Amino acid sequence: MTAQEVRLCGLLLQEHFGEVVERIGTHLLRGGAQNLRTIANETNTPLDLHGACEFGSGRRGPGSPVEYRASCERVLRVLRYPRYIYTAKTLYGDTGELIVEEVLQRGHMTMSNTVKTVADRLTHNMEEGRSMEYSEVVSAFSKLVETHFLQRCPPVAEMGTAATSSTPATPGTPAAPASTAPPTAESNPDCYKLPHVTLTGCGKRRRSSDDSEEQRGGKKAKMDSESCGDEGIYWQVNFERFHQHFRDQAIVSAVASKLDQTSSEIVRTMLRMSEVTTTQTAAYTQPLSANEIFRSLPPNYSISRPILDQYLSLLVDDPMEFVGKSGDSGGGMYVVNLQRALANLARATLESVVQERFGSRSARIFRLLLRKRHLEQKQVEDFAMIPAKEAKDMLYTLLSENLVQLQEIPKTPDHAPSRTFYLYTVNQLPTARLLLQHCYKTVANLIERRLFETKENKRLLEKSQRIEAILASLQASGAEPEQLTEVEEMITAPERQQLEALRHHINKLDSTENQVDETVFLLESYIFSTKTK
């Protein structure tokens, strides 16, 4: 774990959960696993890590105090929450969006509580007299589980160190030994099995001031005590499945930009057919016959079988090697080469970064070294067709930024410069790791800038929020237009202009943060694929 990762994790915890959680989270990230008493003494704060903390048996064996550790990977996923939610909205509409949002915010939920909460939220936003049926939310929840975007949480007693601190333990079940490796959620045979839930009715609207706090608390306790048949069965977001979807989308986009839309649709069909059967660590998708691909193509792509065979041959022969042929049965067996695709996407990202920072000629040299592996300076000048002085300056600039490496091969044991070959090369994996750290630093800088802008304009933002609350209250009570205009004029024209400029700036920072996260995802996926190679 690098300093940039710890810094970014601290900023994410501070922005989403406050300073207390940020202090405890960074303390655990830097200090490693610690028991609760040590954490309380060294930070002088209560422990509340919102599912970003894991716990397990102490290092001294059974009977030792439980130790907690912060998960850097889990904290960094907070950065991608908007993308998870937007994907669920794209695939399953507003209902799927709210289901994923609720589960992400709480870490894990039972199916019945999720359905009730989402139905209430949707009903509150509907017109008066309309409501959302529980059955519709259950249908969306079932689709998310069926496509593996949601999965069951393993029981705490079986998880060992992999359990989150907020998941209730199963009483009477002995804990797993400290030496037992924590199983993944997929190791549970019922990971994607829906429980039989008895839910009838529809969502209810929130009442503004009909009930007192005591009455509302009593109603909530009564609702929670109702038995729905899924008590103790908690669900969580399957981040790996979302990442697989993002990876597939990136591959399809790359094929579309390299070849054409029909080729990308063929690759999309192949990925969709094997999305549930292909594991995250697989180097290839499951082999698919040309007949199966032809039958699974969307109806609007009315291409004949000979044309499909030509497209498949074109994809196999393409230098990007996104698609490979694994056999001849069934008209030919084809696979999508996932590791090769991620390597090519990472390579294109590195080339794009070099071109943006150092210009097209430096990018030409960088691509040349990626292709030729090892070249002397004179060879670089000749192959890239760049004057010697410019090529030398560009090589030394890339070398100083650690984007290019210099390898010495001596002819004699004395390493005399006159009898030594100096070869320039690019090592893609270390360069990708370096760029990933730069991306973490960039995202942290963007978050700090947004927090600074918000703090500098805190008074104006609070005034705007108060006026918006007053306007909403007046509109709900049926106030006259003159009253609404009078309240709106409480914000002066210069203040309104300043607010617009601030919102525009914040939106640009948010958009840039999401774009950098797309690069982070590609580089992380490529680095992870090299570990599982």
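The values are calculated or read from the model by the stated rules, or taken from the named source; none is laboratory data. If you're wondering where the values come from, they're calculated on a predicted model, not measured in any experiment. Cβ: placed from backbone, ideal geometry, glycine included. Neighbour counts: every protein chain shown. Calculation scope for accessible area: heavy atoms of the full protein, side chains included, ligands and nucleic acids excluded. Shrake-Rupley method; radii C 1.70, N 1.55, O 1.52, S 1.80 Å.
Of note:
- Residue-normalised accessible area of region 357-427, given per residue in Å² at a 1.4 Å probe: 61 Å²
- Unit charges on C-beta of K, R, D, E only; dipole of region 72-129, Debye: 400 debye
- Entry note, region 364-519: relative contact order of 19 percent, from Cα contacts under 8 Å with a spacing of 6+ residues.
- For region 217-373, the relative contact order comes to 18 percent (Cα pairs under 8 Å, sequence separation of at least 6).
- Listed peptides 387-395, 518-526 by packing density, highest first (mean Cβ within 10 Å): 518-526, 387-395
- Distant-in-sequence amide H partners of Ser326 (H built 1.01 Å from N, under 5 Å): Met333, Tyr334, Val335
- Built amide H within the under 5 Å cut-off of Tyr234, gap 5+: Cys153
- Karplus-based coupling profile of region 419-430, in residue order and whole Hz: 10, 9, 7, 10, 10, 8, 8, 10, 9, 5, 5, x, with θ = phi - 60° in 6.51 cos²θ - 1.76 cosθ + 1.60 and x standing for Gly or Pro.
- Per residue accessible area in Å² of region 240-336, where ligands, DNA and RNA are left out and the probe is 1.4 Å: 46 Å²
- Cα-based shape type of region 357-427, given that a ≥ b ≥ c are square roots of the gyration tensor eigenvalues and the cut on a/c is 1.5: prolate
- Listed peptides 490-502, 75-87 appear in the order 75-87, 490-502 once ranked by packing, highest mean of other Cβ atoms within 10 Å at the front.
- Cβ-defined net charge surrounding Leu297, 12 Å radius [Lys, Arg +1; Asp, Glu -1]: +2
- Proximity of backbone amide H atoms, modeled 1.01 Å from N, is registered between Thr420 and Lys411 at under 5 Å, excluding neighbours fewer than 5 places apart on the same chain.
- Under Karplus coefficients 6.51, -1.76 and 1.60, residue-wise ³J(HN,Hα) of region 96-113 in Hz, glycine/proline x: x, 4, 5, 4, 5, 4, 5, 5, 5, 5, 9, x, 7, 8, 6, 5, 5, 5
- Cα shape, region 70-125, gyration tensor, a/c 1.5 rule: oblate
- Area projected by the alpha carbon convex hull of region 307-378, averaged over all directions, nm²: 6.7 nm²
- For the residue pairs Lys89/Lys116; Lys455/Lys508; Lys372/Lys392; Lys143/Lys531, alpha carbon separations beyond 23 Å are given by Lys143/Lys531.
- Working note: Karplus 6.51/-1.76/1.60 with θ = phi - 60° gives region 466-482 the couplings 5, 5, 5, 5, 5, 4, 4, 5, 5, 5, 5, 8, x, 6, 6, x, 5 Hz, where Gly and Pro are set to x.
- Charging the Cβ of each Asp and Glu at -1 and of each Lys and Arg at +1, and nothing else, the dipole of region 240-336 about its Cα centre rounds to 200 debye.
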